[in-house]
Every structure is written in structure tokens, then in C-alpha cells.
Amino acid sequence: MKEANKLNPDMNSEEKGELEVVDLEVTIDEAIQNHVGSFGFAQFLHVTLVSLAWIFDSQNTLVTIFSDAQPGSWICKTNTPSSSCIAASGKGAAAVCTLEPGTWEWVGGAGSSIIAEWDLICNRRFLAAIPASCFFIGSLLGSAFNGRLADSYLGRKKTILLSCVLTSITTFLTSYAPNVWIYAFLRSMNGFSRSGIGICCLVLSTEVIGRKWRGQVGQYGFLYFTGGFFSLPFIAYQTRGSWRNLYKILSIFPLAYCFLLVPFVFESPRWLLIRGRNEEALDVLKVFARLNRKKLPTNLTLKNPLPVNETNHEESLWKTKWAAKRMVTVMLAGFGVGFVYYGVQLNVENLNFNLYYSVGLNALMEIPAVLIGSLLLAFVNRRLLFAVSTYVAGVSCILCIFISSQKASSGGSWGQLIIESIGFMAASISFDVMYIYCVELFPTNVRNFAVSMLRQTLMLGASIAPLLVVVGRLSPSISFIIFGVLSIFSGTLSLLLPETKNAPLYDTLKQQQEEEISIRNTTTPESASA
């Protein structure tokens, strides 16, 4: 913090009064920390309004657990019973492959899932994995597009608005898909649309928070993602006879959010500042200060992190060597995390339990994961927490190889469920921490783009996971070993990244490079001895 002029003790009171109102120039971090408050009622309200959009992100991501699920049982048609059908009764879904078409039917009806409606079984079973993979590929492409849009033209708030509107439209259109190929295309468009929600929610929430509370607040948003996940079995159970009605209901929520809540969300003052909209950024901070029962000094101005003759358009993450290396490391680590996190969730249908109960319990596991992650973020370094959680997830997956071979023995499936639960909680912690870590690793003018690149690799890993789930039905050991190895690999890669706990959020690549070099120089033994 600095003042434009110093007061001269020899000046008279009138001259001192004139100089006392000269601009008090501060960085946005200093303004939040010293004048607005690190985390008060204003930030809590803002973060809550923004984080509600995570619910739709979760619902549209995980709806395929129900809409694309293989029906649990089948029966012989009473009007045309055949001896082969009667003999195969009770032998599981695989037995229908040997029966003549028209002699049997799914218990829940043909409209209960896309597998039942379009006969995605037997030699067509791998087609059932295509829509989920297309969704994540669409998310991968949308992450880059929406990340760039949020950093440049639209900003964080308008990108959330656009994403929610498009998510609502594509979800509704999906309910009218006439075949699996159109369904897969619409799912990819839905993935493209919803990809902007998670990216912008996380960045918009954390950019108005002081460094002390940034990690915990970033985790707070994931509770709403869990809430969306937990709501799915209740909604799906009510529409269990029609997967199309499930999509229609889910299309309502993001549209209602756009009209009822988005108007009360503020744009990020950091984004406004680097776009040259200093007065608007200051106005946002004034509102936050007022809601926190504080008041900004009348002579306070925000220091623009960009030199007068520069614009943030001239800085490129990929053209900056240190940032590019950091981004590649984050993306490689994110691939394994996304693969394991989404793969375990999609694999829940293969557990020997009721699907609705299993998904509900799986969602509940995320709550302690978020709470534990939030607590540990206050005390533990980001890098260490991420690495340890991925190691625990990886080891748990590998242990499932040995437990799965004991399924025939009593209690074997319960042992596998417990180990999978521990692995999923650890994967959830690493997934959540990775987002917070990425936000802190890059400056404001490329932060949304960096998070979008991380999300791309998370989605790339997730797009392959459905195929491995199908393979896992034939050989569970293969899926478990791949999940485990990739998780451990991701944790090892994170050791190459710098620690960011209690570090400031920088605004430009140049500023971050200069200040990080300065910090390293002041902490080296040579500089200490000097």
C-alpha cells in the first residue's frame, strides 16, 4: 500500500487537508484484506449464490448413472412363454443374449433407460458407453471455449449465465432423442454447455476472498456439487419408468437459476480491473464492504497490475515458459484424477446393491470428503494434501483387486464396498484440492483459462472411464489396477509443482514471475547469509 504524496509537518492544516485526500493506491488483495474483509457476510452471500450453479453441473454430469443404466432384471412375456426363456429365468441380464427377441421384457419397462429402449445389450453393449464418453468429450472442448470466453470478452458472471441457459436447452432436447446416436450428440452438446459452470463458479467465488479463507471457500462450492449428486436418486426414483422425464425435470433448474438468482451475482472485481474497468471494480468492493459493515476510504483507488502501455491480451500462458511447464504438469496430474473420480462414480451400478441406495451413499461419501478437505486445507500444504489423497485412492483401488476375488465368500462384497468408499473419498478430496491448487498457481488474466485446461484433462480422463467400466464387468481386476496406477501417478507428478498455501493471487503472468523469483531469492541460503 502506498500514498501518492507524503505530508510535510511544516504545512498548515488547510494544505494538509488537501494532501490527505490524494489517492490511496492499493492492490486488490490489500483492499480485500485491509478494507473489505477476508471473508464476511458479503462474501458468504456471494459465494452461496454462485455455488448453487454447481447443483446443475453435478446433475447433468451424473444423470447417466440412471438414464444409461442396465436394468436390473427381466421376465418372460406371459403371452408367449418359451421353454428356453423359462429355463434362463433368474440367470441375470447376460442370459437374454441367448433368447429369441420378443420372448422376454425388462421388469422396469422399455422406457426405464436407454439400454432398455434401444437394446444396447449383448453385441451392442459397448454402444451404451458412447453417450457418456461423448458428454465428457463435449466438456473437454467446452472447457477451453468457456475458459477463454470468461477471461476475455464475457467475464465470469455472463459466462455462467450463458452456460446455464445452454445447459437447460440441451438437457430438454436430449429427452426427445430418437436413437442412441442423436442421444450421444445431444449429450456432447450438453457437456459443452455445462463446462462453463464449474470453471466460472470456482474462480468467481475465490477471487473475492482473502488468502486466509480461499482454500476453505473453494471447497465450500463442492458441497453444492454433492447436493446435486445426492438429489439425483430422489428425482430418478420418481421418474424410474421414463428416462426422458428425468431429463425434462433436470432442464428446469438451471433456467430458473438464471432468472431468479444470477441478477444478484456480482462480476469479479479482479477481472474488471484487468479489463480497465477500475470504477466498476471499486463499486463492487464498496458493496461488499457495506454488507460487511465496513467502509472503503474515500481516497482509495485500485492499482492496475498492467502497465499503462500494456494490455492483458499480450500475455499468453503457452508463450510463457514457466507457466506452460506448470500447466502441462497440472494437466497430466488432472487426467488421472478425472479418470479415477468419475470412473468410480459411474462404476457404482456394478456394485451388488440397490442402485438408488448405492448412488445416495456414494453422494454422502463426498460430504466428509469436502469437510475433511476443507479442514486440512487450513493446516496442510496443498501439494502434500493432493499427493497423499491420490496415493490413498490408488492403494484402495489396488486392494479391491484382492477383495473382488473373494466375492464368492461371505461378506466379500461388503469388504469391497468399504475399500471402494475409502478410495472414492480420497479421490474426491484430490479432485476438489486440484481445483483450488490450480486457481492459486496462475494469475487473474489467465486463471479461467488455466482452470479450463485442467477441466479439459479431467474430462478427457472421464471420457475414457465409461469404456473401462464396461470392461470391468468382464474383468474387475483390469479396471481396478488401471484406476490405482493412474491415481498414484497423478500424485507423484504434483510433487513437481510449487506450494501455494497463503500465497497471494497475482493478476498478470509478468507480475507473478517477478514476485515468485523475488520470494525465492529472499529465502535462499545465499541471500540469507548476505
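None of the figures in this text is laboratory data; all of them are computed from the coordinates on show. This is a predicted model, so every value here is computed, not measured.
Summary table below
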read-out: Distant-in-sequence amide H partners of T301 (H built 1.01 Å from N, under 5 Å); value: L24, E25, V26
read-out: Using θ = phi - 60° and Karplus 6.51 cos²θ - 1.76 cosθ + 1.60, couplings along segment 328-337 (whole Hz; Gly, Pro as x); value: 4, 5, 4, 5, 5, 5, x, 4, x, 5
read-out: Per-residue ³J(HN,Hα) for segment 380-385, Karplus 6.51 cos²θ - 1.76 cosθ + 1.60, θ = phi - 60°, Hz, x for Gly and Pro; value: 9, 4, 4, 4, 5, 4
read-out: Under-5 Å amide H pairs with W104, H placed in peptide plane, nonlocal only; value: K77
read-out: Cross-link pairs beyond the 29 Å C-alpha cut-off, checked among K157/K294; K158/K321; K157/K319; K303/K501; K212/K286; value: K158/K321
read-out: Gain on full stretching of the segment that runs from C122 to L375 - 0.36 nm per residue minus C-alpha separation; value: 86.4 nm
